[in-house]
Amino acid sequence: MSAVVRLSDVHKRFGAVTVLNGVSFEVGRGEVAAVIGQSGSGKSTALRCIDALERIEQGTIEVCGHAVHDPKLDRRALRCDVGIVFQSYNLFPHLTAEQNIMLAPTCVKSLSKADARTLARDVLARVGLAEKADHYPEQLSGGQQQRVAIARSLAMQPKLMLFDEVTSALDPQLTGEVLKVMEDLARGGMTMILVTHEMSFARKVASKIIYMHKGTVWETGPGAIIDAPQTLELRKFVGGEM
Amino acid sequence: MPTFTLVHLEYLSWAALWTIGLSVIAFIGGGILGFGVAMARIAPSRVLRTAAMVYIQLVQGTPLLILLFLIYFGVAILGFNQVPAILAASLGLTIYASGFLAEIWRGCIQSVPKTQWEAAECLALTRWQRMTRVILPQAIRIATPPTVGFMVQIVKNTSLASVVGFIELAQAGKIINTSIYEPFTIFVIVAIFYFLICFPLSTWSRSLERKLNVSGR
Ligand SMILES: Nc1ncnc2c1ncn2[C@@H]1O[C@H](COP(=O)(O)OP(=O)(O)OP(=O)(O)O)[C@@H](O)[C@H]1O
Ligand SMILES: [Mg+2]
């Protein structure tokens, strides 16, 4: 099985601070990987490196056949294959939900307005927001905004989806609706990497757990490692979280 | 003893139109040039960024009066005939406006959160698409009040165009004064004209600001 994502020995520094200190892991097609770990362990940075938002100093990253570490990387081609959703939604405030979604397909894939609108309606329906197409972000709840952000990424038909703590800014009752969308995606066969603090969700949906500690992958394995950690650090982390 | 009459008022009205015309030219010219400089100021190329910064510093650091002199006499030294007053005045005010508008707009563009750039980048938009479809529409909302506010400065500064022989409101006032010598009456009326041009702009700018604050987030 060829991996959709392969990181090997990735190093990333911010000034004098080494944030990623030799990170290696693989995520295969259709796999759902949950990245967990303490605050500051480098989870977001790892995710950002995968989408070429950060330049790495050492190591290699291959994503959907793109050599991300290569200075000659075609970033736009990479971003056509990879969708990313952030904690802070980052919807475009001057555009409606539908226009947010239509923007990239019309600009990047040269879809006609009509086709893009059909596509937008389709992805909005998938996240359960068909009736909110004409709402502006400020007219939507946090959970709804986050689902629009997911729909916006899905409209580009990515081969890989990255989620960085997408429910951390949400109330518990809104968290559920976003997690459900992600669960549906996982069940639909989407390859996903999600950084999350929702242990029970990770346990339920993820086929692989990647526990990061001090800028390295400290422990990795199937969901079961959450119940039976091998390392003291993960045991402490899981104990503290639950 | 001649006094201020309707004829003088008519003369001032014409001059006021020139003031407005010169302001419009300076705003459009300065806007186009200033937009280009603002873009260069935030360009990926370091050379462009530095060049734009030097331009802005030079323009902002030169009194408009000196700028106008430089253009008016400088062009003559280069071997051309003396430039027509309107051309020198338009060029001087255009350069002046571009230096300030570039800096105002750069600030507005950069006040759009970085996360918006990043979100657009992650959707595979080109740099130009990010700018025109995501950043500028948001920056324009932020930029409108200070831009309209700066238009008031342009209107008032057109009065300096008289030094290159351009007859606008202030110069027209001076001309009338030499014939009838009623400086107080004349310049009060001139001031009223300026006020009538600037007041709607300031009011507009304030109301835009209020609207932005209401719908702002
Ligand atoms: N742009 C940056 N410049 C400097 N330091 C940074 C930058 N981004 C992250 N860091 C540092 O890198 C370290 C890891 O950050 P990162 O955001 O990857 O952690 P994280 O595991 O996602 O944490 P959290 O759970 O709090 O989101 C932190 O110490 C952070 O301060
Ligand atoms: Mg993080």
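Structure data summary
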quantity: Over the protein assembly as shown: helical MRE at 222 nm, DSSP H runs n ≥ 4 each giving -39500 (n - 2.57), nearest 500; calculated: -18500 deg cm²/dmol
quantity: Burial ordering of B:Y96, B:Y181, fewest other beta-carbon atoms within 10 Å first; calculated: B:Y181, B:Y96
quantity: Difference of contour (0.36 nm per residue) and Cα-Cα distance, A:A228 to A:R55; calculated: 58.8 nm
quantity: Magnitude of the charge dipole, region A:89-242, Cβ model with Lys/Arg +1 and Asp/Glu -1, debye to 20; calculated: 420 debye
quantity: Positive-end residue, chain A charge dipole about Cα centroid, Cβ charges, pick of A:Y136, A:T196, A:A169; calculated: A:Y136
quantity: Full-stretch length increase - B:F35, B:T185 - with 0.36 nm per residue and alpha-carbon distance subtracted; calculated: 49.9 nm
quantity: Debye, to nearest 20: dipole size of the protein assembly as shown, +1 on Lys, Arg Cβ, -1 on Asp, Glu Cβ; calculated: 320 debye
quantity: Other-chain or far-sequence residues with amide H under 5 Å of A:V32's (modelled H); calculated: A:M192, A:S207, A:K208
quantity: Distance from region A:86-143 to region A:211-242 (C-alpha centre basis), Å; calculated: 37 Å
quantity: Exposure proxy order (Cβ contacts within 10 Å, fewest to most) of B:W18, B:W105; calculated: B:W18, B:W105
quantity: Cut-off 20 Å (backbone N to label point 7 Å along Cα→Cβ of A:R121), residues of region A:80-108; calculated: A:96-107
quantity: Shielding of A:85-94 by partner chains, average beta-carbon count, 10 Å; calculated: 5
quantity: Order of A:Y89, B:Y11 under a 10 Å beta carbon neighbour criterion, fewest first; calculated: B:Y11, A:Y89
quantity: Given charges at Cβ of Lys, Arg, Asp, Glu: chain B dipole, positive-most of B:L169, B:T147, B:F27; calculated: B:T147
quantity: Prolate/oblate/rounded call for region A:114-190, Cα gyration tensor, a/c under 1.5 rounded; calculated: oblate
quantity: Mean Kyte hydropathy of -1.0 or more with a Cα span along the axis of at least 18 Å, helices from DSSP in chain B; calculated: B:6-41, B:46-61, B:64-77, B:85-111, B:136-157, B:183-215
quantity: Tensor-based shape of the protein assembly as shown (alpha-carbon gyration tensor, a/c under 1.5 rounded, otherwise prolate or oblate); calculated: prolate
quantity: Mean separation of Cα contacts under 8 Å (6+ apart) over length of chain A, as relative contact order %; calculated: 27 percent
quantity: Global geometry of region B:6-216, whether rounded, prolate or oblate, following the gyration tensor of its Cα atoms and the 1.5 cut on a/c; calculated: oblate
quantity: Listed pairs A:K109/A:K214; A:K43/B:K114; A:K214/B:K114; A:K43/A:K159; A:K159/A:K180 exceeding 30 Å between Cα atoms; calculated: A:K109/A:K214
quantity: Normalised contact order of chain B, rounded percent, pairs of Cα under 8 Å and 6 or more residues apart; calculated: 30 percent
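None of the figures in this text is laboratory data; all of them are computed from the coordinates on show. Keep in mind that this is a model prediction, so the values were computed, not measured. Cβ sites come from the backbone with ideal geometry, for glycine too, and all protein chains shown count toward neighbours.
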